[in-house]
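Have a look at the structure below before the remarks.
The values are calculated or read from the model by the stated rules, or taken from the named source; none is laboratory data. Please read these numbers as outputs of a predicted model, since none were measured by experiment. Heads up, the Cβs are rebuilt from the backbone with ideal geometry, glycines too, and the neighbour counts pull from every protein chain shown. These area figures cover heavy atoms from the full protein model, side chains too; ligands, DNA and RNA do not enter into them. Shrake-Rupley method; radii C 1.70, N 1.55, O 1.52, S 1.80 Å.
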Amino acid sequence: MKSSSTTQLDLAPLTPAYDSILELSPYQTGKPVEELTREYGVSDVVKLASNENPMGCSPQVTLAITEQLGQLARYPDGNGYYLKQTLSDFNDVTVDQITLGNGSNDLLDILARSFVGADDAIVYSEYAFVVYSMLAKMQGATGVEVPAQNYGHNLKAMSQAVTDNPNTKVVFIANPNNPTGTQLGQKALRDFVAGVPSSVLVVLDEAYIEYSPESNNRALIDEFDNVVIVRTFSKAYGLAGLRVGYALSSVAVAKLINRVRQPFNVSRIGLAAATAALADQSFIKAVRETNDEQMRWLEKQFDALGLRFIKSYANFIMVEINMEMEDTTAIDIHQALLEQGVIVRPLAGYGLHSWLRITVGVAEENLRLIDTLRSILNDN
Ligand SMILES: Cc1ncc(COP(=O)(O)O)c(C=O)c1O
């Protein structure tokens, strides 16, 4: 099979819409299990690289999907009637405040395409979800990256960045943040929103909200028409493979972005699965409890191994590989883990060269991770 280089693009005489598109690197996904098995011949792979739910999804989802299988020749409901009804009850918003997406990434993209032009700026934090800077490049816009504070968002500095860049159209904030797992206080966030001009859209990316209910800033939608909350079924709901997300906003913003989104952007199976998944909150409670318990266990193990970590409010944790071990880098440890069938995420792409991001697994996966990590560290 031929594969093409991703860095060298010989497009001439074609040119992309903006030069900044040429600066994009392909989004780095966690290595799929199948690829690791193919490359290293290891079976029994543990994937802790993409913040997926190791507990799978609610059993109700299987039933809902099965019911759709005879209907696959038919387009899905383009307005997602049942999912929107369920989301409306769950979030106490009206149906016309909801926009559905093919994963929450689709909604981030739709928001950028709807509001940001080449003369505009997007503000986001250093070490925040990489897609925000990619969207700035895709729109040919200025990406304003604000230095992080203790690995999280520095809201004061972000506010100043909005003032300093009067062409700012969108601010992206991930809460909790990926990859650092940090969380913002509700008051600090409200003060931030209250302080930015109402012409600036503040997008709160709550992809990990189910793991940290105190990060729920749904109330801001009632108070501020320029706030959008974006959520996903890919993480705690365990439906990453189906691609379903949603945005909550003012009616006016929802009306606009609903015009920009592609028709039928959520599949028939995705709609049915997400509706069933949302209705099963007892599953989400069990997921949160397991994650909390396993997170505490992992923290203890990292302490015992002498590895620094950043307190995380999501389903992953960022761990520092001790650079005192001169010639052993996070990339080396990542590679050694890979060769033994454990996939984690190196963070050099974020400029976090000495850090790994590890998704919290179920007990036996975490045990395998720690045992493997311990033996690698002892050998170095
Ligand atoms: C902060 C954040 N936002 C959005 C996404 C996109 O997720 P999805 O498109 O699967 O909903 C992710 C995925 O890793 C994420 O970490």
Filter result for the condition that a residue is at pLDDT 95 or above, more than 16 Å from the ligand (Cβ to nearest atom) and basic (Lys, Arg), over ARG243, ARG190, ARG261: ARG190
Residue match in the stretch 234-246 (condition: assigned to a loop (DSSP other than H, G, I, E, B), among the aliphatic types (A, V, I, L, M) and open to solvent by 10 Å² or more (accessible area, probe 1.4 Å)): yes
Given (1) at pLDDT 95 or above; (2) in contact with a Leu (Cβ under 9 Å, 6 or more places away or on another chain), index of the condition ALA207 fails: (2)
Any chance PHE172 is within 12 Å of the ligand (Cβ to nearest atom), among the aromatic types (Phe, Trp, Tyr) and farther than 22 Å from THR86 by Cα: yes
Complete set of residues in the stretch 84-137 that are more than 13 Å from the ligand (Cβ to nearest atom), of a type in the set (Asp, Glu) and in contact with a helix residue (DSSP H, G or I) (Cβ under 7 Å, 6 or more places away or on another chain): ASP96
Among (1) within 27 Å of ASN150 (Cβ to Cβ); (2) basic (Lys, Arg); (3) out of contact with any Phe, Trp or Tyr (no Cβ under 9 Å at 6 or more places or on another chain) - the single one ARG357 does not satisfy: (3)
Evaluation of GLU324 against (1) modelled with pLDDT under 95; (2) assigned by TED's automatic domain parsing to the domain that holds ASN79; (3) not aliphatic (A, V, I, L, M) (one fails), failing number: (2)
Qualifying positions in the stretch 19-48 - open to solvent by 50 Å² or more (accessible area, probe 1.4 Å) and hydroxyl-bearing (Ser, Thr, Tyr): SER25, TYR27, THR29, THR37, TYR40, SER43
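Yes/no per residue for (1) touching a strand residue (DSSP E or B) at 6+ places or on another chain (Cβ under 7 Å); (2) open to solvent by less than 60 Å² (accessible area, probe 1.4 Å); (3) of a type outside the set (D, E, K, R):
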{"site": "ILE257", "(1), (2), (3)": "yes, yes, yes"}
{"site": "GLY270", "(1), (2), (3)": "no, yes, yes"}
{"site": "THR275", "(1), (2), (3)": "no, yes, yes"}
{"site": "ALA279", "(1), (2), (3)": "no, no, yes"}
{"site": "GLN294", "(1), (2), (3)": "no, yes, yes"}
{"site": "LEU298", "(1), (2), (3)": "yes, yes, yes"}
{"site": "ALA314", "(1), (2), (3)": "no, yes, yes"}
{"site": "ILE331", "(1), (2), (3)": "yes, no, yes"}
Unmet requirement for ASN216, which otherwise passes all of (1) free of Cβ contacts under 8 Å to residues at least 12 places away in the same chain; (2) at positive phi: (2)
Test set (1) farther than 25 Å from PRO346 by Cβ; (2) open to solvent by less than 70 Å² (accessible area, probe 1.4 Å); (3) within 24 Å of the chain's Cα centre (by Cα) - GLN68 fails condition number: (3)
Those helices (runs of 4 or more DSSP H) lying entirely in the stretch 268-380 with at least 3 residues without any contact (Cβ under 8 Å) to a residue 40 or more places away in the chain and under 17 Å from CYS57 (Cβ atoms): 281-305
Complete set of residues in the stretch 8-18 that are open to solvent by 100 Å² or more (accessible area, probe 1.4 Å) and either in contact with a strand residue (DSSP E or B) (Cβ under 9 Å, 6 or more places away or on another chain) or over 17 Å from MET138 (Cα atoms) (or both): GLN8, ASP10, PRO13
